[in-house]
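Bear in mind that the values in this text are calculations on the coordinates, not laboratory data. Note that the structure is a prediction, hence the values are computed from the model and not measured. Ideal geometry is used to build each Cβ from the backbone, glycine not excepted, and the neighbour counts take in all protein chains shown.
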Ligand SMILES: Nc1nc2c(ncn2[C@@H]2O[C@H](COP(=O)(O)OP(=O)(O)OP(=O)(O)O)[C@@H](O)[C@H]2O)c(=O)[nH]1
Ligand SMILES: [Mg+2]
């Protein structure tokens, strides 16, 4: 996995991105941090706490339709134990999003009470969305906007050109999501993000990546993994990743001239099927290991 290790995320732009997010933060009351429920550790930005400072935060564990439901439930407990409000969501179907506004109101309870005391009854709640690439920031904004029949408003007088979505009465979302960088100096983080497709496949060796993924999957050994990759009669638990990739290629009839296994095609297939949750609902990072 040496390729992944050396990826520089936003080379040279980290300070600029940080500054941009910090200036947007001045316009909002709270932050919605979107993470991937299958990799709740690797999909978090290591510097977020420092960037958002004391701004109240709600964590959205997105893509929970593809994550192991038990693991997600345990992650929610983990966040709760650490006094962080977190909710499981699926921005593809919109499941769980009805809990978003109540969660924001929960983290802002004190402030909302203070506004009321000052007679600021029409004060809107404003939230900005942040997250590492590919976690579903745009899907979230589109979903929640549609769900609440949002109007796109451009109010340059108030917000200096920023676009706001009114997602509910008195509730606005800043429409430019903050794209954060992941913790890329960590080899495991890079690998997990690559499994999820958050690293361009052109810059990783897909055969190597799929081989590593197959090793992970053979430990989890979901029924879908065994069935779809036709491994029922294969001693896959005792195989190295690349060896397993070759077997999968043969079992799925992926051969090149001369009868050799087409491991390149098999690698793309394995990655695609995993990313589409066709090999089961799998969470790679468990709260127990934190
Ligand atoms: N199954 C499933 N797929 C999702 C969910 N949310 C987002 N996706 C998919 O994940 C991919 C990335 O979603 P985006 O909304 O573009 O993510 P993003 O964070 O805006 O990505 P960048 O703008 O590239 O940083 C898309 O293929 C979405 O369809 C979800 O809850 N479930
Ligand atoms: Mg986006």
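Of the conditions (1) over 15 Å from the mean Cα position of the chain (by Cα); (2) closer than 18 Å to residue 28 by Cα; (3) surrounded by 15 or more Cβ atoms within 10 Å (Cβ to Cβ), residue 59 satisfies every one except a single condition; which number is it?
With respect to (1) over 15 Å from the mean Cα position of the chain (by Cα); (2) closer than 18 Å to residue 28 by Cα; (3) surrounded by 15 or more Cβ atoms within 10 Å (Cβ to Cβ), residue 59 is out only on (1).
How many residues does the stretch 83-116 hold that are within 16 Å of ligand 2 (Cβ to nearest atom) and surrounded by 18 or more Cβ atoms within 10 Å (Cβ to Cβ)? Don't jump to the end; show me each part of the working.
Here is the first cut: in the stretch 83-116, the ones within 16 Å of ligand 2 (Cβ to nearest atom) are 89, 91-92.
Still in the running and surrounded by 18 or more Cβ atoms within 10 Å (Cβ to Cβ): 89, 91.
Total meeting the criteria: 2.
Residues of the stretch 197-247 being in a loop (DSSP other than H, G, I, E, B) and over 27 Å from residue 134 (Cβ atoms), which ones?
Hits for the stretch 197-247 are 230, 231, 232, 233, 234, 235, 239, 240.
Would you check which residues across the stretch 117-145 are surrounded by fewer than 21 Cβ atoms within 10 Å (Cβ to Cβ) and more than 13 Å from ligand 1 (Cβ to nearest atom) and list them?
117, 118, 119, 120, 121, 122, 123, 124, 125, 126
Output the residue which, of all residues in the stretch 166-182 that are assigned to a strand (DSSP E or B) and within 16 Å of ligand 2 (Cβ to nearest atom), is nearest to the chain's Cα centre (by Cα).
So the first thing to find is which residues in the stretch 166-182 are assigned to a strand (DSSP E or B), and the list is 166-168, 171-179.
After this cut, where a residue has to be within 16 Å of ligand 2 (Cβ to nearest atom) as well, the list is 173-179.
Values: 173: 19, 174: 19, 175: 18, 176: 17, 177: 13, 178: 13, 179: 12 Å.
Among them, the one singled out is 179.
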